[in-house]
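What follows is a set of notes on a single structure, which appears directly below.
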Amino acid sequence: MRMRKVKWAVEYLPESKVLVKDPSSCKGKWKKRLGTSTLHVEIGCGKGKYSLDMAAMTPEAGFVAIEKNESAAGIAAKKMDDDPREKKLALIEGDADHLSEWFAAGEIDVIHLNFSDPWPKKRYAKRRLSAPSFLKQYIDVLAANGQVIMKTDNASLFEFSVPQFLANGFRLLELSVDYRRETHDEDAITEYEEKFIEQGNPIYRAVFEKETI
Ligand SMILES: C[S@@+](CC[C@H](N)C(=O)[O-])C[C@H]1O[C@@H](n2cnc3c(N)ncnc32)[C@H](O)[C@@H]1O
């Protein structure tokens, strides 16, 4: 579902401290910029809760949150700027299509895909963040043994995604079809996840590792 324009958020975005306006200029330098040796990237961060909470829970790790919707990015930016907790966090407003322009080969340790848009119609399958064109970019920017961690409530998207990863240079490390059946205090709950947990829907989760040759 498309988000309605949120005027204050769109106006706030260019003023944000956490926003990186020219992400290509950070290519190959993200770890240095954030002062970390471990780089996590969340694609499609929505209103930003996951990256913000994870960055605060693991202050030694660096997080870059990417969001293409201007209103959602503006809301995330305000939330991140206002949060007083110690963290190494940056925000990119843009389409993850450009991942290889923003990150150098092998620069990212972990990519997070949280409740990505399912794009159920076949003609839009290329827009799924687990479509082969995205997976090829992930392979490029991930470090050796780098990981993609995917969470979704959508069984069809999960069924589509698992074989795509396996056919495109990843191996499966972990798989759960009811991840929140157990407590996972180490993993923050996203805005969408909160809603699905409340509705009693199971959360699917998989961890994929880049295969080394
Ligand atoms: C269903 S929402 C989930 C938001 C958040 N991850 C959560 O779990 O609460 C998916 C988000 O991904 C963003 N998105 C989808 N495709 C994207 C892309 N190619 N690049 C960047 N963001 C994308 C959408 O704009 C939307 O805000």
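The values are calculated or read from the model by the stated rules, or taken from the named source; none is laboratory data. These numbers come from a predicted model, not from an experiment. Virtual Cβ from ideal backbone geometry, glycine too; neighbours counted across all protein chains shown. In case anyone asks, the SASA skips ligands and DNA or RNA and just uses the protein heavy atoms, side chains included. Shrake-Rupley method; radii C 1.70, N 1.55, O 1.52, S 1.80 Å.
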Might you check whether a residue that is out of contact with any Leu (no Cβ under 6 Å at 6 or more places or on another chain), without any contact (Cβ under 8 Å) to a residue 24 or more places away in the chain, closer than 18 Å to residue 201 by Cβ and surrounded by fewer than 20 Cβ atoms within 10 Å (Cβ to Cβ) occurs anywhere in the stretch 120-136?
no
Can we say residue 153 is free of Cβ contacts under 8 Å to residues at least 24 places away in the same chain and within 22 Å of residue 52 (Cα to Cα)?
no
Which numbered condition residue 170 misses (of (1) of a type in the set (Phe, Trp, Tyr); (2) more than 20 Å from residue 117 (Cα to Cα); (3) open to solvent by 30 Å² or more (accessible area, probe 1.4 Å))
(3)
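Results for (1) over 24 Å from residue 195 (Cβ atoms); (2) touching a Phe, Trp or Tyr at 6+ places or on another chain (Cβ under 9 Å); (3) touching a residue at least 24 places away in the same chain (Cβ under 8 Å), shown as yes or no for each residue.
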site: 48; (1), (2), (3): no, no, yes
site: 56; (1), (2), (3): no, no, yes
site: 74; (1), (2), (3): no, yes, yes
site: 89; (1), (2), (3): no, yes, yes
site: 92; (1), (2), (3): yes, yes, yes
Go through (1) free of Cβ contacts under 8 Å to residues at least 60 places away in the same chain; (2) assigned to a loop (DSSP other than H, G, I, E, B) one by one and return the number of the condition residue 180 breaks.
(2)
Just to be sure before I move on: is residue 156 small (Gly, Ala, Ser) and in contact with a Lys or Arg (Cβ under 8 Å, 6 or more places away or on another chain) in the structure I sent?
no
Could you look through the stretch 38-57, keep only residues that are more than 7 Å from the ligand (Cβ to nearest atom) and more than 11 Å from the chain's Cα centre (by Cα), and pick out the one that is nearest to residue 97 (Cα to Cα)?
39
Report yes if residue 210 is out of contact with any strand residue (DSSP E or B) (no Cβ under 9 Å at 6 or more places or on another chain) and either more than 20 Å from residue 129 (Cα to Cα) or in contact (Cβ under 8 Å) with a residue 60 or more places away in the chain (or both), otherwise no.
no
Hey, can you tell me all the residues within the stretch 192-210 that are among the charged types (D, E, K, R), open to solvent by 50 Å² or more (accessible area, probe 1.4 Å) and within 20 Å of the chain's Cα centre (by Cα)?
194, 195
So, of the residues in the stretch 142-158 that are assigned to a helix (DSSP H, G or I) and in contact with a strand residue (DSSP E or B) (Cβ under 9 Å, 6 or more places away or on another chain), which turns out to be most open to solvent (accessible area, probe 1.4 Å)?
155
